[in-house]
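Scroll down for the structure; my scribbles are underneath it.
Since every read-out is calculated from the coordinates, none of them should be taken as a lab result. Bear in mind the structure is a predicted one, so any value in this text is a computation, not a measurement. Every residue, glycine among them, receives a Cβ derived from its backbone with ideal geometry; neighbour counts consider all protein chains shown.
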Ligand SMILES: [Cu+2]
């Protein structure tokens, strides 16, 4: 699944986003494109669950 995350601006943000996803699904893989502010996530979790957790972590998704 792919998300636009406008608030993602540096490597620290990518780290927080990756940690947030991995807390929900330790087997998830997260690949971020900082320039495009997009994230591609491979996970068995529901899109809505991931989106909510990222929003709560300070990174609202679109
Ligand atoms: Cu940052």
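Listed values, structure above:
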{"quantity": "Kirkwood-based Rg to Rh ratio, the chain, C-alpha trace", "calculated": "0.90"}
{"quantity": "Approximate spin-label separation residue 19-residue 40, in nm, with each point projected 7 Å along Cα-to-Cβ", "calculated": "2.6 nm"}
{"quantity": "Rounded tilt (10° steps) of 47-56 against the dominant C-alpha axis of the chain", "calculated": "50 degrees"}
{"quantity": "Gain upon complete extension [residue 2, residue 56; 0.36 nm per residue less C-alpha separation]", "calculated": "17.7 nm"}
{"quantity": "C-alpha long axis of helix 11-24 to longest principal axis of the chain, angle in °", "calculated": "10 degrees"}
